[in-house]
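Colleague: Handing you a structure now.
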There are 2 protein chains.
Amino acid sequence: MRIGVLGTGTVGTTLAGKLRELGHDVLVGSRDGSKGDGTFSEVAAHGEMLLNCTAGVASMAALEQAGEQNLQGKVLVDVANPLDFSGGFPPRLSVCNDDSLGEQIQRRFPEARVVKTLNTVGAPVMVDPAIVPGEHSLFVAGDDAAAKEQVVGLLESIGWPRGRVLDLGGIVASRGLEMYLPLWVSLFGRHGSSVLNVVVVHGAAPAAGS
Amino acid sequence: MRIGVLGTGTVGTTLAGKLRELGHDVLVGSRDGSKGDGTFSEVAAHGEMLLNCTAGVASMAALEQAGEQNLQGKVLVDVANPLDFSGGFPPRLSVCNDDSLGEQIQRRFPEARVVKTLNTVGAPVMVDPAIVPGEHSLFVAGDDAAAKEQVVGLLESIGWPRGRVLDLGGIVASRGLEMYLPLWVSLFGRHGSSVLNVVVVHGAAPAAGS
């Protein structure tokens, strides 16, 4: 598949490398094209599927540069987190609570098929989930069921078993996925490495009255 | 130990019941004392340790009613989440991102020893972690190390093994613990039950260059 990766940071280059290994025709883009294989617009035009791997605080501008016509009808995987480190540590989110980056993207580009996923793990875990022991969880959210299914298939090819990928519903669930980041940052600080994740576990409901 | 539980909702009554089972001298309080064993002020005066189990959006007012003099020097376990359902579903947080309820309480009552914990699980799981299978994780955050140690001991007596309780550092980490709630709400919606939790898992950092 032709894939356009927006963003030449660690996340973009890590995902692009893995997707090339899997045989996809991947171009990675940056704002002015000086890094990667071209501009946001060129790589977005190239891709049948697009991955937003830009810094979350810059994602809306990057997608404008990619060009609305290059997003239309395409699955747009939003991996970004709107983390703002300008005020120091801990970072804040530039959008949260009543809104999320995933929703902003879907609203601005209604003909893109936005799927939020992978933003809850660090780049090394994204492309090699086995480095975290045992069964651990990933999430998808988006309004387009067929787009989510296509993304789950891609995730499976990367190494995320279908049973580990929890569908949280519409793109509104991006709020929870992005607002999880401050906890992730705390866990990262405690562990000293991004090689971590969470496993969702559940039990039977207790008997009434218990 | 004499424990004062602020809040007569499900969380307060569930925790109070468990703590009584364990032999503690527990009073549960409500705003006007018509529910539970007395007013916020009366139960706060009673407790050597206090648990804030009020609705998060009402917690600051409840603690004012409890009375600053009744909080001084005491461990104040903040179990509350500032979830605001007034705008419908999904709920928003009435405070988040640059601040948290845990921090607000600690700032307003600097002589209370605030420990944020238990807010990431539902009431049935709080008092009976074994209903969720396997090893799963709880978090503590607070500025007073001795207070956290005392709370970890209490949690251990409830059924949370020490190794499952992750210390995330100062009370500022309340942000992440409270901002996790929208994801928890999504997981609750997907699973249809509050009998769920997450397990934090981590692996070794990947080799350089990998």
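Values quoted throughout were computed directly from the atomic coordinates according to the rules given, and no laboratory measurement underlies them. Since the structure is predicted, the reported quantities are computational estimates derived from the model, not experimental observations. Note that we place each Cβ from the backbone using ideal geometry, even for glycine, and neighbour counts take in every protein chain shown.
Colleague: Somewhere in region B:61-78, is a residue within 14 Å of chain A (Cβ to nearest Cβ), under 19 Å from residue B:149 (Cα atoms) and either touching a strand residue (DSSP E or B) at 6+ places or on another chain (Cβ under 9 Å) or not in a strand (DSSP E or B) (or both)?
Modeller: No - not one qualifying residue is present in region B:61-78.
Colleague: Applying the selection to region A:128-147, what residues are more than 19 Å from residue A:167 (Cα to Cα) and either in contact (Cβ under 8 Å) with a residue 12 or more places away in the chain or more than 10 Å from every other protein chain (Cβ to nearest Cβ) (or both)?
Modeller: Scanning region A:128-147 gives A:128, A:130, A:131, A:132, A:134.
Colleague: Checking residue A:84 against (1) farther than 23 Å from residue A:122 by Cα; (2) surrounded by fewer than 19 Cβ atoms within 10 Å (Cβ to Cβ), which single condition isn't satisfied?
Modeller: If we test residue A:84 against (1) farther than 23 Å from residue A:122 by Cα; (2) surrounded by fewer than 19 Cβ atoms within 10 Å (Cβ to Cβ), just (1) comes out false.
Colleague: Which members of region B:148-169 meet the condition of being more than 14 Å from chain A (Cβ to nearest Cβ) and farther than 16 Å from residue B:134 by Cβ?
Modeller: Selection gives B:149, B:150, B:151, B:152, B:153, B:154, B:155, B:156, B:157, B:158, B:162.
Colleague: Then there's this: Can you give me the number of residues within region A:187-204 that are of a type outside the set (A, V, I, L, M, F, W, C), in contact (Cβ under 8 Å) with a residue 12 or more places away in the chain, at the interface with another protein chain (Cβ under 7 Å from one of its Cβ atoms) and not in a strand (DSSP E or B)?
Modeller: Total satisfying the criteria: 0.
Colleague: Among A:177, A:187, A:181, A:118, which is the only one that is touching a Lys or Arg at 6+ places or on another chain (Cβ under 6 Å) and among the hydrophobic types (A, V, I, L, M, F, W, C)?
Modeller: On inspection, the qualifying residue turns out to be A:177.
Colleague: Looking only at residues that are assigned to a loop (DSSP other than H, G, I, E, B) and touching a residue at least 24 places away in the same chain (Cβ under 8 Å) in region B:19-38, which one is surrounded by the most Cβ atoms within 10 Å (Cβ to Cβ)?
Modeller: Here the answer is B:36.
Colleague: Would you check which residues across region A:170-186 are β-branched (Val, Ile, Thr) and either free of Cβ contacts under 8 Å to residues at least 40 places away in the same chain or within 8 Å of another protein chain (Cβ to nearest Cβ) (or both) and list them?
Modeller: A:172, A:185
Every residue, every condition in (1) more than 10 Å from chain B (Cβ to nearest Cβ); (2) part of a strand (DSSP E or B); (3) more than 18 Å from residue A:11 (Cα to Cα), yes or no:
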residue: A:81; (1), (2), (3): yes, no, no
residue: A:87; (1), (2), (3): no, no, yes
residue: A:90; (1), (2), (3): no, no, yes
residue: A:97; (1), (2), (3): no, no, yes
residue: A:103; (1), (2), (3): yes, no, yes
residue: A:106; (1), (2), (3): yes, no, yes
residue: A:111; (1), (2), (3): yes, no, yes
residue: A:115; (1), (2), (3): yes, yes, no
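Colleague: Every residue in region B:1-18 that is hydrophobic (A, V, I, L, M, F, W, C) and part of a helix (DSSP H, G or I), please.
Modeller: Passing the criteria: B:11, B:15, B:16.
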